[in-house]
Amino acid sequence: DNKGYALNLLINAGKDDAVPALAGYLQDDYLGDRAARTLARIKSQPAGKALADALPNAKGRNIVYILEAIGDVGYVEGEKAVIPFATSSELPVRKTAYYTLARLAVPSSEEVLKKAAENAAFGYDESNATASYINYANNLVLKGENDLAEKVANTLLKVGDEHTPTRI
């Protein structure tokens, strides 16, 4: 398939001028994954915007692909588009939304990730909610958001005593 091959070539060679064409494939059942991965590899503001703009209309597996790519791009402006998927009834969607919110490390995501970790009793669950909350704290430190990272760490330390055994 020629389009799939062309998208594979763009993974290594694509730049911002390819973003509009790639965005057109984000809703495609067959090529959506490749388009999202290519945009993630371009890793620019226009690529992130294209992904965030496509997310509300995404269907099926393409939701997960686009969510993950937004996190990989680090497109913090896409946080508002990601948050509704953190309460999805579909585990892969919810899990990927947590991953993306943790990667973006936007302060306003703290309550969403904390609630998800609370729902998992701050332990392991299939959604990786607690792991995402921990990764969120780490990414906050990397962004210089030390006060909020300390708040998250204190929350985790408190619940460690309440929900023993918790492994961090």
Scanning the chain for chymotrypsin sites (Phe, Trp or Tyr not before Pro) in DSSP loops with at most 16 other Cβ atoms within 10 Å, what's the longest stretch left with none? 31-123
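Can you pull out the trypsin sites (Lys or Arg not before Pro) in segment 54-134 that DSSP calls coil and that have at most 15 other Cβ atoms within 10 Å? Let's see the in-between values first.
Values: sites: K59, R61, K80, R94, K95, R103, K114, K115; in loops: K59.
Taking segment 54-134 and a limit of 15 other Cβ atoms within 10 Å, the loop trypsin sites (Lys or Arg not before Pro) found are K59.
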Across bins of 10 angstrom width beginning at 0, how are the C-alpha pair distances of segment 13-168 distributed, in whole percent? 12, 40, 30, 14, 4, 0
Got a sec to turn the phi values of segment 55-64 into Karplus ³J(HN,Hα) couplings, 6.51 cos²θ - 1.76 cosθ + 1.60 with θ = phi - 60°, whole Hz, x for Gly and Pro? 4, x, 9, 6, 10, x, 4, 5, 4, 5
Debye calculation, C-alpha points only, no solvent: report log10 I(q)/I(0) for segment 104-159 at q = 0.12, 0.23, 0.24 Å⁻¹, in the same order as the q values. -0.22, -0.81, -0.87
Have a look at G78, G123, G144 and tell me which one the Gaussian network model of the chain (Cα, springs below 10 Å) gives the largest fluctuation. G144
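Taken together, the values in this text are just the output of simple stated rules run on the coordinates, not laboratory data. Here the structure is a predicted model, which means the values were calculated and not measured. Don't worry about glycine lacking a Cβ; one is built from the backbone with ideal geometry, like all the others, and counts go over all protein chains shown.
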